[in-house]
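All remarks here apply to the structure that follows.
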Amino acid sequence: MTEKPKLAVWKFASCDGCQLSLLDCEDELLAVADRITIANFMEASSNVIDGPYDLSLVEGSITTPHDRERIRDVRRQSKFLITIGACATAGGIQALRNFTDTRELLSVVYASPEYISTLNTSTPISEHVKIDFELRGCPINKTQLLEVINAFLNKRKPNVSPHSVCIECKKRGTACIMVAHGTACMGPVTQAGCGAICPSYNRGCYGCYGPMEAPNTSSLVKWMRNLGVPEDELLRMFKTYNVGAESFRCAVERVEGEDK
Amino acid sequence: MTKPNNAFVIQREDLHILFDVLIERGYTPVGPTVREAVIVYDELSGLEDLPEGWAEEQDAGTYSLKRRGDNALFGFNNGPHSWKNYLFPSRVKLWEGDKTEDGGFTVKSAVDTQKKFAFIGVRACDLHAIQVQDKVFLDGEYRDPIYSKRREEALVIAVNCGQAAKTCFCTSMNTGPRVSDGYDLALTEILDNDQHYFLAEPGSTSGFSLLAEIPHSEASQEAIAAARGCTKQAQEQMGRKIDISDVKEMLYRNYDNDRWDELEKRCLSCGNCTMACPTCFCSKVEDVTDLTGNHAERWREWESCFTMDFSYIHGGSVRPTTRSRYRQWLVHKLAAWLDQFGTSGCVGCGRCITWCPVGIDLTEEVRLLRNSEN
Ligand code: SF4
Ligand code: SF4
Ligand code: SF4
């Protein structure tokens with residue numbers, strides 16, 4: 001009988017929501033624990049088993065010099081490293097700082113900014129170490145998380161598609177709200193994974209899963225302008241959890257440039 | 001004008017009996033109904049679920065409902081759904097398997113829906129689309145068991161269009177606006193002053209036996225002429241057209257046209273057109289395991305030639321650009337389909353035009369490609 005693989009869950013700059021998806025698995029958590037030793041998961045237990053680990057799930061982005069070192073250490077201890085959530089895969093909402101001067105913000109926010117040691121940017125884990133798989137979403141979808149763990153355990157490729165949200169939207173039979181109601185929607189440039197929840201409630205997609213495999217943001221922006229979406233609203237659509245992803249960042253820069 | 005052998009009249013107030021009979025015979029009626037200000041297809045509990053008095057305004061990338069000003073039950077054209085949603089479901093389990101104690105495994109076919117569908121309001125273009133998918137799923141050596149069971153059991157209550165949308169071009173594709181064959185019962189809705197009735201033409205023994213249970217009378221010459229008038233009106237309202245005379249050769253000749261670069265700029269590669277198209281038939285299969293690794297399932301899901309995974313082979317996707325993916329879609333639909341299945345892959349329903357989030361119009365693209373040759 002081979003030993004059960006050891007799992008570690010790590011947190012960087014993030015809100016904990018993605019780690020919570022693992023605890024949220026409730027029914028399946030026992031089955032997970034049956035196949036895996038949950039060796040290091042501070043959110044669930046302070047009982048820590050030392051590394052190395054077979055599988056590391058990493059949540060959060062890199063925003064401090066300390067974390068920049070820590071992620072290297074995590075990588076060294078991990079056979080497989082999977083990043084989870086928009087922070088870890090794109091820099092998160094905190095990547096909005098990439099558009100400003102962080103030192104200026106520090107002096108506004110903190111009484112004694114000299115005690116704060118931080119980087120000027122918020123960057124995804126993949127900019128610092130090699131990663132084995134990225135699971136997108138803000139937060140991640142627990143079914144997809146289980147699928148990834150499952151694929152790892154059964155030594156197969158995870159069934160996670162990089163195509164648009166639109167395909168999920170059509171598969172569930174939602175009539176496109178952009179076509180039918182003129183509602184601005186990020187679905188065509190956003191990666192699937194959520195099951196196209198928002199359009200089914202008559203809300204445009206917020207872009208939680210980041211850019212899809214071939215995002216054509218300029219064509220979508222052009223169309224949304226024709227729909228009458230105001231410029232500040234357009235910017236807000238791209239400036240969310242995945243603003244640090246290259247194609248969304250470029251869209252922001254383009255819209256801002258064209259605006260001037 | 002020759003009188004068809006079997007044309008009858010059903011009065012509007014008797015049409016609800018059609019639903020009663022269908023339900024009594026074990027069918028699940030599926031047809032148009034208004035949901036979130038869109039005419040979608042869904043299971044219907046009766047005639048009252050139909051979009052009475054509604055019509056839609058559609059054009060490239062836009063759709064909106066409007067009041068007709070009368071009480072027509074079928075006074076609209078196509079919506080986002082097609083019968084493919086029922087015959088070729090977007091996601092379906094194919095089989096499941098379990099490991100056995102002795103180290104082997106067992107495989108069990110999944111049980112598909114037990115429902116028998118009665119499709120209410122099948123338009124001529126969509127009936128052709130079903131026949132196109134029949135060629136794909138039923139002809140040749142391999143029959144698709146899921147499609148074939150659903151298809152064999154389904155009843156087709158067709159409706160001849162009395163109006164056409166701005167996105168319609170069935171006349172160009174020779175698929176409408178009147179149904180020609182393949183229906184059980186064809187209805188033409190006639191609103192004439194204070195009269196409201198349906199010309200009913202059975203096309204199968206099931207159609208005749210349905211009709212037998214609904215009060216009806218022999219159609220008068222006037223009723224038949226009125227129905228022909230509806231078809232003429234739809235022909236005249238046809239919002240788009242496409243010249244298909246040599247479209248296959250034209251598209252094959254233009255593999256390297258600059259127009260594809262323009263599409264690279266506009267197309268989102270989102271896949272909406274293929275999902276909405278009633279003839280697109282591509283799917284992928286996915287194997288899933290449970291956490292124990294003792295149970296596995298194989299699922300089939302709609303897939304689109306606009307995704308990278310679709311043409312992924314060892315080393316990468318063979319259609320890495322949007323330009324190449326759009327070209328694949330258009331050329332397959334209008335040209336290669338003819339070589340492959342002996343019929344066009346397009347029936348002129350206009351769905352891909354309306355439901356493209358950025359309003360890309362294939363009739364326009366064909367025209368531009370053709371013009372670029374001069
Ligand atoms: S509602 Fe949004 S996600 Fe759905 S098909 Fe339309 S654009 Fe795509
Ligand atoms: S290609 Fe477009 S117009 Fe032709 S059948 Fe498909 S959806 Fe309808
Ligand atoms: S043609 Fe339109 S619907 Fe089709 S993939 Fe391109 S943008 Fe999407």
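When you scan segment B:346-369, do you find a residue that is in contact with a Lys or Arg (Cβ under 8 Å, 6 or more places away or on another chain), more than 21 Å from residue B:60 (Cα to Cα) and within 16 Å of ligand 2 (Cβ to nearest atom), even just one? No, there is no match, as no residue in segment B:346-369 is in contact with a Lys or Arg (Cβ under 8 Å, 6 or more places away or on another chain), more than 21 Å from residue B:60 (Cα to Cα) and within 16 Å of ligand 2 (Cβ to nearest atom).
In the set A:147, A:213, only one residue is farther than 26 Å from residue B:32 by Cα, within 17 Å of the chain's Cα centre (by Cα) and either free of Cβ contacts under 8 Å to residues at least 24 places away in the same chain or more than 8 Å from chain B (Cβ to nearest Cβ) (or both); that residue is A:147.
Yes/no matrix, rows are residues, columns are (1) over 30 Å from residue B:109 (Cα atoms); (2) within 13 Å of ligand 3 (Cβ to nearest atom); (3) at pLDDT 95 or above:
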residue	(1), (2), (3)
B:307	no, yes, yes
B:312	no, no, no
B:338	yes, no, yes
B:345	yes, no, yes
B:352	yes, yes, yes
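Close Cβ contacts (under 9 Å, 6 or more residues apart or on different chains) running from residues in segment B:43-57 that are aromatic (Phe, Trp, Tyr) to residues that are open to solvent by 20 Å² or more (accessible area, probe 1.4 Å) comprise B:54/B:34; B:54/B:65; B:54/B:66; B:54/B:67; B:54/B:68. Taking each residue of segment B:59-73 that is touching a residue at least 60 places away in the same chain (Cβ under 8 Å) and looking for partners that are open to solvent by 60 Å² or more (accessible area, probe 1.4 Å) and among the charged types (D, E, K, R) with beta-carbon atoms closer than 9 Å, six or more apart or interchain, yields B:59/B:166; B:60/B:166; B:60/B:364; B:63/B:57; B:71/B:52; B:72/B:52; B:73/B:52. From the list A:141, A:202, A:226, A:120, the lone residue that is open to solvent by 10 Å² or more (accessible area, probe 1.4 Å), facing chain B (nearest Cβ under 10 Å) and in contact with a Ser or Thr (Cβ under 8 Å, 6 or more places away or on another chain) is A:202.
Counting only strands (runs of 3 or more DSSP E) that sit completely within segment A:1-87, those holding 1 or more residues that are under 30 Å from residue A:106 (Cα atoms) correspond to A:6-11, A:53-59, A:78-84. State which residue is nearest to residue A:188 (Cα to Cα) when the search covers only segment B:264-315 and only residues that are aliphatic (A, V, I, L, M) and facing chain A (nearest Cβ under 7 Å). Once the filter is applied, the top-ranked residue is B:268. In this structure, is residue A:252 away from ligand 2 (no atom under 16 Å from the Cβ), of a type in the set (A, V, I, L, M) and more than 11 Å from chain B (Cβ to nearest Cβ)? Judged against the criteria, residue A:252 is a match. When residues in segment A:57-77 are screened for being under 14 Å from residue A:9 (Cα atoms) and open to solvent by 10 Å² or more (accessible area, probe 1.4 Å), 4 of them pass. If we scan segment A:213-228, do we find a residue that is in contact with a helix residue (DSSP H, G or I) (Cβ under 6 Å, 6 or more places away or on another chain) and acidic (Asp, Glu)? Checked segment A:213-228: no residue is in contact with a helix residue (DSSP H, G or I) (Cβ under 6 Å, 6 or more places away or on another chain) and acidic (Asp, Glu).
The residues on offer are A:172, A:136, and the sole one that is within 16 Å of ligand 1 (Cβ to nearest atom), under 14 Å from the mean Cα position of the chain (by Cα) and open to solvent by 40 Å² or more (accessible area, probe 1.4 Å) is A:136.
Where residues in segment B:316-332 are in contact with a Ser or Thr (Cβ under 6 Å, 6 or more places away or on another chain) and more than 12 Å from ligand 3 (Cβ to nearest atom), which of them is nearest to the other protein chains (Cβ to nearest Cβ)? Taking the candidates together, the pick is B:317. Of the residues making up segment B:76-94, not one is exposed (fewer than 14 other Cβ atoms within 10 Å of the Cβ) and away from chain A (no Cβ under 12 Å). Note on segment A:151-202: enclosed helices (runs of 4 or more DSSP H) holding 1 or more residues that are more than 15 Å from ligand 3 (Cβ to nearest atom) are A:177-181, A:197-200. Of all residues in segment B:216-236, none are over 22 Å from residue B:71 (Cα atoms), among the aliphatic types (A, V, I, L, M) and away from ligand 3 (no atom under 16 Å from the Cβ).
Looking at this structure, is residue A:160 more than 7 Å from chain B (Cβ to nearest Cβ) and under 28 Å from residue B:280 (Cα atoms)? Yes: the conditions hold for residue A:160. Would you call residue A:182 open to solvent by 10 Å² or more (accessible area, probe 1.4 Å), touching a Leu at 6+ places or on another chain (Cβ under 8 Å) and more than 7 Å from ligand 1 (Cβ to nearest atom)? Spelling it out, residue A:182 is indeed open to solvent by 10 Å² or more (accessible area, probe 1.4 Å), touching a Leu at 6+ places or on another chain (Cβ under 8 Å) and more than 7 Å from ligand 1 (Cβ to nearest atom). Restricting the first member to segment A:41-67 and to residues that are at positive phi, and the second to residues that are among the acidic types (Asp, Glu), the beta-carbon pairs closer than 9 Å and six or more apart or on different chains are A:60/A:16; A:60/A:67. Return yes or no: is residue B:287 more than 26 Å from residue B:168 (Cα to Cα), more than 16 Å from ligand 3 (Cβ to nearest atom) and touching an Asp or Glu at 6+ places or on another chain (Cβ under 8 Å)? Criteria met by residue B:287.
In the set A:128, A:163, only one residue is away from ligand 2 (no atom under 16 Å from the Cβ) and either open to solvent by 40 Å² or more (accessible area, probe 1.4 Å) or of a type in the set (Asp, Glu) (or both); that residue is A:128.
The values are calculated or read from the model by the stated rules, or taken from the named source; none is laboratory data. Computed from a predicted structure; not experimentally measured. Backbone-built Cβ (ideal geometry, glycine too); neighbour counts: all protein chains shown. What goes into the accessible areas is simple: the full protein's heavy atoms, side chains included, and nothing from ligands, DNA or RNA. Shrake-Rupley method; radii C 1.70, N 1.55, O 1.52, S 1.80 Å.
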